[in-house]
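Q: If you scroll down you'll find the structure; I have some questions about it.
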2 protein chains.
Amino acid sequence: MSELTRVVLDCMGGDNAPFEIVKGGVEALNASDEIKLLLVGDKEQIEAELSKYTYDKNRTEIVHTTEVIEMAEPPVKAIRSKKDSSMVVGMKMVKSGDADAFVSAGSTGAVLVGGQLLVGRLKGIERPPLAPLIPTDKGVSLLIDCGANVDARSSHLVQFAKMGSIYMENIVGIKNPKVGILNIGAEEEKGNALVKETFPLLKECKDINFIGSVEARDIPAGVCDVVVTEAFVGNVLLKTYEGVGSLLLKKIKGALLSNLKTKIGALLIKGTLKETLKGFDVKDYGGAPLLGLNGLVVKTHGSSKSVEVCHSILQCNTFKKQDINGKIKEHMSLE
Amino acid sequence: MSELTRVVLDCMGGDNAPFEIVKGGVEALNASDEIKLLLVGDKEQIEAELSKYTYDKNRTEIVHTTEVIEMAEPPVKAIRSKKDSSMVVGMKMVKSGDADAFVSAGSTGAVLVGGQLLVGRLKGIERPPLAPLIPTDKGVSLLIDCGANVDARSSHLVQFAKMGSIYMENIVGIKNPKVGILNIGAEEEKGNALVKETFPLLKECKDINFIGSVEARDIPAGVCDVVVTEAFVGNVLLKTYEGVGSLLLKKIKGALLSNLKTKIGALLIKGTLKETLKGFDVKDYGGAPLLGLNGLVVKTHGSSKSVEVCHSILQCNTFKKQDINGKIKEHMSLE
């Protein structure tokens, strides 16, 4: 048996902790025998959850912590002061080499800060981007960066493009992924100062398949596999995606339930519609990786159910087996 | 009878010109006797279209032009070189005072450039923002700016907030409109350099109802009436809105047509669903105004049908009757 991938699971983070988190952990253990799970958080609560399931106990370990970082806490202060929180203890295990990866559904801000301060960046990486997958008509695209690194420079965006490309090729399995820079028009002269400065640099990169500018309108159609942008714009795009999607679905549901005729119609289309919209759900792909760190940190949605937690853990295993960090280092030294 | 509002209609711009454009013009004439329509473009084509309808000929005038600015042309070059295009001739009529407003479904870039170069800014206005209405669960919100003015400064955003507030109050009829700044978190310390610099300035403004930061996720729900942002981010938000909406609707249509059972279901829900999604259509509100000019320039969608053209023209009448530019001047002198 090859070496196990040691994944730290933050059992106290997220809206559904610890129930869905521990459940997802067990699901991952049962789905892959290449994983060792390090469950961090309140021991009593974790044991109570674990006792509900059957799994390989030899591949689990509980690390007891007494503090929890709440969603609304200022991230830097929380990471600095709550030394015995599941997040701080868990991330330090990655830093020290006691674990390969860390998965949390907790505060995004704290995950971003902890990733940088506790786990630390790979040498040569200027900024670690948070890179969620967004659903498209063709599958998924990687949106890089959606993190806290606003006001980025062009050199950051070039690194994002390379790391995103490596990730999509090796984790999602897209051969020679198409990389686009998010812009407000397809023409090369369009854009703000940052895009205009970054465009020629990406054009020069020999190790990515740069297809030029992409417009936000075309991203849902799946125009490219890696969407490069700075964090503020990426965050706006991601959240608009979520907001428009949920409003439209709410309106459609309302229409379906408005009278007897539509209710009968709804019964006839329900199954097919659900199946169709399922493809528009990123849960199956796991969480968003924070790339370019000494290890891997994965942020799953705060509202994650076990399925998303499970896929996030399995994603850590692929990340290690594919030696993503080795490949990132290799590409960065090509500069 | 009060003075007529003289609206120049670019009959050559847009995917459906001249047919839908002229049709929309006639609809506006028949909807309001306060409008005089100045139809600019190829005289023969315009006359051929007009001959299909009944309307008050005393309130129309045709201005013959020989050139057309195409969608794909570089805007600055097109505006400078095509002196006898419908767009250049039409905008100059606003500048000279021969008309009050200009409506076009043509190239957005050319409309933006022409607005600034030919019509010109109001004294004291640093940048004229393009401000489309976006559909929300509560009605519409004004997204200001979506224009070509990328890399804005905080002073620009403050002017956008004031102009947007005046527009929503007087044109859309929202009393004391809620103004939010688009941000990546609700907390005051969040944001990029531009947002952090603009936030306190907006907080100080006594003449707007500033509610603080708004997240892109909450905009579709209608969290505020005026969304202040710089053009690059605004453009990304607007186009993500369009892209996600059209992908979801495409997927739903596909599901409805997938088999006999769903087709029967679709028949039962069709009318209600259509009615529900109609509220998610901005056509009834007219086009996007380019604010802060010596006159009014309205950009309607390139794919506009007559209904949108008609509403854009009626919007020009309200703009004049409400003396929006007078109100903008008044507020700007309060600085």
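The values are calculated or read from the model by the stated rules, or taken from the named source; none is laboratory data. Since this is a predicted model, take the numbers as computed values, not measurements. Counting neighbours? That spans all protein chains shown, and the Cβs are built from the backbone with ideal geometry, glycine included. Calculation scope for accessible area: heavy atoms of the full protein, side chains included, ligands and nucleic acids excluded. Shrake-Rupley method; radii C 1.70, N 1.55, O 1.52, S 1.80 Å.
Q: I'm checking my understanding of the structure. Among residues of region B:219-239 that are in a helix (DSSP H, G or I) and at the interface with another protein chain (Cβ under 7 Å from one of its Cβ atoms), which one is farthest from residue B:156 (Cα to Cα)?
A: Step one: list which residues in region B:219-239 are in a helix (DSSP H, G or I), which gives B:231-239.
After this cut, where a residue has to be at the interface with another protein chain (Cβ under 7 Å from one of its Cβ atoms) as well, the list is B:232-233, B:235-237, B:239.
Numbers: B:232: 14, B:233: 14, B:235: 16, B:236: 19, B:237: 19, B:239: 22 Å.
That would be B:239.
Q: May I pose another question? May I ask you to list the residues in region A:137-166 that are surrounded by 22 or more Cβ atoms within 10 Å (Cβ to Cβ) and farther than 26 Å from residue A:320 by Cβ?
A: If the condition is that a residue be surrounded by 22 or more Cβ atoms within 10 Å (Cβ to Cβ) and farther than 26 Å from residue A:320 by Cβ, then A:152, A:157 are the ones that fit.
Q: Something else about it: Which one is nearest to the other protein chains (Cβ to nearest Cβ) among residues in region B:199-218 that are within 11 Å of residue B:183 (Cα to Cα) and open to solvent by less than 50 Å² (accessible area, probe 1.4 Å)?
A: Applying the filter and picking the extreme gives B:216.
A quick yes/no check of all residues on (1) hydrophobic (A, V, I, L, M, F, W, C); (2) touching a residue at least 40 places away in the same chain (Cβ under 8 Å); (3) closer than 24 Å to residue B:18 by Cβ:
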{"site": "B:73", "(1), (2), (3)": "no, no, yes"}
{"site": "B:80", "(1), (2), (3)": "no, no, no"}
{"site": "B:90", "(1), (2), (3)": "no, yes, yes"}
{"site": "B:136", "(1), (2), (3)": "no, yes, no"}
{"site": "B:142", "(1), (2), (3)": "yes, yes, no"}
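Q: Does at least one position in region B:86-102 carry a residue that is closer than 19 Å to residue B:310 by Cα, part of a loop (DSSP other than H, G, I, E, B) and not hydrophobic (A, V, I, L, M, F, W, C)?
A: yes
Q: How many residues, within region A:200-214, are in contact with a Gly (Cβ under 7 Å, 6 or more places away or on another chain) and not hydroxyl-bearing (Ser, Thr, Tyr)?
A: The qualifying residues number 3.
Q: Please verify whether region B:98-106 includes one or more residues that are surrounded by fewer than 23 Cβ atoms within 10 Å (Cβ to Cβ), in the same structural domain as residue B:314 (by TED's automatic domain parsing) and touching a helix residue (DSSP H, G or I) at 6+ places or on another chain (Cβ under 8 Å).
A: no
Q: Which condition number in (1) at pLDDT 85 or above; (2) in a helix (DSSP H, G or I); (3) more than 9 Å from chain B (Cβ to nearest Cβ) is the one that residue A:242 fails?
A: (3)
Q: Give the residues of region A:228-251 that are open to solvent by 40 Å² or more (accessible area, probe 1.4 Å), within 15 Å of residue B:277 (Cα to Cα) and among the charged types (D, E, K, R), sorted by residue number.
A: Residue satisfying the conditions is A:250 alone.
Q: Sort out which residues of region B:111-152 are at negative phi, of a type outside the set (A, V, I, L, M) and in contact with an Asp or Glu (Cβ under 8 Å, 6 or more places away or on another chain), and write them in order of number. So that I can check it myself, show each step before the final result.
A: Filtering region B:111-152 for residues at negative phi gives B:111-119, B:121-123, B:125-138, B:140-150, B:152.
Narrowing the set further to residues that are of a type outside the set (A, V, I, L, M) leaves B:114-116, B:121, B:123, B:126-129, B:132, B:135-138, B:141, B:145-147, B:149.
Residues satisfying the conditions are B:127, B:129, B:135, B:141, B:145, B:149.
Q: Do we have residue A:81 as touching a strand residue (DSSP E or B) at 6+ places or on another chain (Cβ under 6 Å) and over 19 Å from residue A:316 (Cα atoms) here?
A: no
Q: Now a separate question. Which residues, taken from region A:167-197, are under 19 Å from residue A:130 (Cβ atoms), surrounded by fewer than 22 Cβ atoms within 10 Å (Cβ to Cβ) and within 14 Å of chain B (Cβ to nearest Cβ)?
A: Answer for region A:167-197, where residues must be under 19 Å from residue A:130 (Cβ atoms), surrounded by fewer than 22 Cβ atoms within 10 Å (Cβ to Cβ) and within 14 Å of chain B (Cβ to nearest Cβ): just A:194.
Q: Please find, among B:41, B:24, B:109, the residue that is open to solvent by less than 40 Å² (accessible area, probe 1.4 Å) and closer than 24 Å to residue B:145 by Cα. Outline the logic, then answer.
A: Details: B:41 fails: closer than 24 Å to residue B:145 by Cα; B:24 fails: closer than 24 Å to residue B:145 by Cα.
One residue alone meets the criteria, B:109.
Q: Among the residues of region B:17-70, count how many are touching a residue at least 60 places away in the same chain (Cβ under 8 Å) and among the aromatic types (Phe, Trp, Tyr).
A: Looking only at that region, the number is 0.
Q: Picking from A:267, A:277, which residue would you name as being open to solvent by 70 Å² or more (accessible area, probe 1.4 Å), assigned to a helix (DSSP H, G or I) and either of a type in the set (Gly, Ala, Ser) or under 30 Å from residue B:266 (Cβ atoms) (or both)?
A: Being open to solvent by 70 Å² or more (accessible area, probe 1.4 Å), assigned to a helix (DSSP H, G or I) and either of a type in the set (Gly, Ala, Ser) or under 30 Å from residue B:266 (Cβ atoms) (or both) holds for just one of A:267, A:277, which is A:267.
Q: Please go through (1) over 14 Å from the mean Cα position of the chain (by Cα); (2) open to solvent by 10 Å² or more (accessible area, probe 1.4 Å); (3) not basic (Lys, Arg) for residue B:303 and return the number of the only condition it doesn't satisfy.
A: (1)
Q: Check A:201, A:248 and return the single one that is free of Cβ contacts under 8 Å to residues at least 12 places away in the same chain and more than 19 Å from residue B:152 (Cα to Cα). Explain how you work it out, then say what you get.
A: Details: A:201 fails: free of Cβ contacts under 8 Å to residues at least 12 places away in the same chain.
Selected residue: A:248, the only one of A:201, A:248 that is free of Cβ contacts under 8 Å to residues at least 12 places away in the same chain and more than 19 Å from residue B:152 (Cα to Cα).
Q: Report every pair of residues separated by at least 6 positions or lying on different chains whose Cβ atoms are under 7 Å apart, first residue within region B:175-187 and over 18 Å from residue B:136 (Cβ atoms), second part of a loop (DSSP other than H, G, I, E, B).
A: These pairs meet every condition: B:184/B:190; B:184/B:191.
Q: Also: Within region A:2-21, which residues are open to solvent by 10 Å² or more (accessible area, probe 1.4 Å) and at negative phi?
A: Matches in region A:2-21: A:2, A:3, A:4, A:6, A:12, A:15, A:16, A:17, A:18, A:19, A:20.
Listed here are the residues, each with its yes/no results for (1) in contact with a Cys (Cβ under 9 Å, 6 or more places away or on another chain); (2) modelled with pLDDT of 95 or more.
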| residue | (1), (2) |
| --- | --- |
| A:122 | no, no |
| A:140 | no, no |
| A:144 | no, yes |
| A:154 | no, yes |
| A:158 | yes, yes |
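Q: Check whether at least one residue in region B:32-46 is modelled with pLDDT of 95 or more, small (Gly, Ala, Ser) and not in a helix (DSSP H, G or I), and report yes or no.
A: Yes, region B:32-46 contains at least one residue that is modelled with pLDDT of 95 or more, small (Gly, Ala, Ser) and not in a helix (DSSP H, G or I).
Q: While we're on this one: Evaluate region A:252-262: report whether one residue or more is open to solvent by less than 20 Å² (accessible area, probe 1.4 Å), under 17 Å from residue A:145 (Cβ atoms), assigned to a helix (DSSP H, G or I) and not polar (S, T, N, Q).
A: No, every residue in region A:252-262 fails to be open to solvent by less than 20 Å² (accessible area, probe 1.4 Å), under 17 Å from residue A:145 (Cβ atoms), assigned to a helix (DSSP H, G or I) and not polar (S, T, N, Q).
Q: Could you say which residue among B:61, B:20, B:73, B:47 is of a type in the set (Asp, Glu) and under 18 Å from residue B:311 (Cβ atoms)? If you could, list the steps in order and put the result at the bottom.
A: Details: B:61 fails: under 18 Å from residue B:311 (Cβ atoms); B:73 fails: under 18 Å from residue B:311 (Cβ atoms); B:47 fails: under 18 Å from residue B:311 (Cβ atoms).
Unique residue meeting the criteria: B:20.
Q: Turning to a different aspect of this structure: Looking at this structure, is residue A:320 open to solvent by 40 Å² or more (accessible area, probe 1.4 Å), in contact (Cβ under 8 Å) with a residue 12 or more places away in the chain, in a helix (DSSP H, G or I) and more than 7 Å from every other protein chain (Cβ to nearest Cβ)?
A: Criteria met by residue A:320.
Q: Does residue A:290 meet the test of being open to solvent by 10 Å² or more (accessible area, probe 1.4 Å), more than 20 Å from residue B:269 (Cβ to Cβ) and more than 9 Å from every other protein chain (Cβ to nearest Cβ)?
A: For residue A:290, the condition - open to solvent by 10 Å² or more (accessible area, probe 1.4 Å), more than 20 Å from residue B:269 (Cβ to Cβ) and more than 9 Å from every other protein chain (Cβ to nearest Cβ) - is not met.
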